[in-house]
1. Filter region 170-185 for residues that are under 20 Å from the mean Cα position of the chain (by Cα) and of a type in the set (A, V, I, L, M); which is nearest to residue 255 (Cα to Cα)?
2. For residue 59, are the conditions met, namely being at pLDDT 95 or above and either touching a strand residue (DSSP E or B) at 6+ places or on another chain (Cβ under 8 Å) or not small (Gly, Ala, Ser) (or both)?
3. Restricting attention to region 47-80, and to residues there that are under 24 Å from the mean Cα position of the chain (by Cα) and of a type in the set (S, T, N, Q), which single residue is nearest to residue 115 (Cα to Cα)?
4. Looking only at region 146-158, count every residue that is closer than 18 Å to residue 115 by Cβ, in a helix (DSSP H, G or I) and touching a helix residue (DSSP H, G or I) at 6+ places or on another chain (Cβ under 7 Å) and tell me the total.
5. Give me the pairs, please: first residue somewhere in region 204-224 and within 20 Å of residue 172 (Cα to Cα), second residue anywhere and basic (Lys, Arg), beta-carbon distance under 7 Å, and either six or more positions apart or on two chains.
6. Of the conditions (1) under 26 Å from residue 124 (Cα atoms); (2) at pLDDT below 95, residue 181 satisfies every one except a single condition; which number is it?
7. Scan region 154-175 for residues that are over 16 Å from residue 140 (Cα atoms) and surrounded by 17 or more Cβ atoms within 10 Å (Cβ to Cβ) and report the count.
8. Which residue out of 165, 224 is over 17 Å from the mean Cα position of the chain (by Cα) and closer than 24 Å to residue 117 by Cβ?
Amino acid sequence: MRRHSVSRWFGVIGLTLALVGLVSQGTARAQTLTETRQKADEGDATAQFNLGYMYATGDGVPQDDAQAVVWVRKAADQGLAAAQLNLGGMYAAGRGVPQDVAQAVSWYRKAADQGLGDAAFNLGFMYATGQGVPQDDAQAVVWIRKAGDQGHVAAQISLGFRYATGQGVPQDDAQAGAWYRKAAEQGRASAQFNLGGMYATGRGVPRDYVEAHKWNSLAVSRATGDAQKQYAQNRDVLAQLMTRAQIAEAQQRVAEWQADFEQREAE
């Protein structure tokens, strides 16, 4: 099960912060329950985590969050970073244990100290919102940056927002644009929209309607629902300021970016 982020966007600049759900490590489905349980009983941390995942999702066993916590904790106590991350998530959500944000912070920190990007992002979220730790935007940025440097898309967008607004860092439009670009190049529609907005207004980058139209068009193609409508409206307003030749150039750049992105994804 992969992580799903919850995003909210306000105008041109947005912020993404989300807790990470349970993430399976290894190949639990490829093992029988008996084999997984035997290895877990023998102390194999990956098997313990996979057994916890099976209980959490009801995969081959009755769904049971309490049992999930038992086995995930065993793996976490052995230092398995993915288990520490997910045990933190279960404490944060109160799944199988009483909700305890201080315990969530403790387990996120253990996993983040091992270099797990999702855990670093979650720890940054806890500092940003003051859950389990005193609210501290500077510390939030420290941990969110660790995740962003690993390619964590939501962290990169969060850093773009923070530099754009000066939350926890000195306000810096150039840095905002740089972080939005990292996420935009990974195909995140909201980051593409924000980067397009910066090109349209000349914030942090030279004003360039062709690039603005390109990134807005990419955002439209990858978004859904109300966000897609908003992005399309912005693109159409921008198009009124452009020549036909400029719009054609922007469309060509969209096609080139999409082809390059698909090739990168296939590698």
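The values are calculated or read from the model by the stated rules, or taken from the named source; none is laboratory data. These numbers come from a predicted model, not from an experiment. Here Cβ is always computed from backbone atoms with ideal geometry, including for glycine, and neighbour counts include all displayed protein chains.
1. So the residue we want is 184.
2. Spelling it out, it is not the case that residue 59 is at pLDDT 95 or above and either touching a strand residue (DSSP E or B) at 6+ places or on another chain (Cβ under 8 Å) or not small (Gly, Ala, Ser) (or both).
3. 50
4. Residues that pass the stated criteria total 7.
5. none
6. (2)
7. 1
8. Testing whether each residue is over 17 Å from the mean Cα position of the chain (by Cα) and closer than 24 Å to residue 117 by Cβ leaves just 165.
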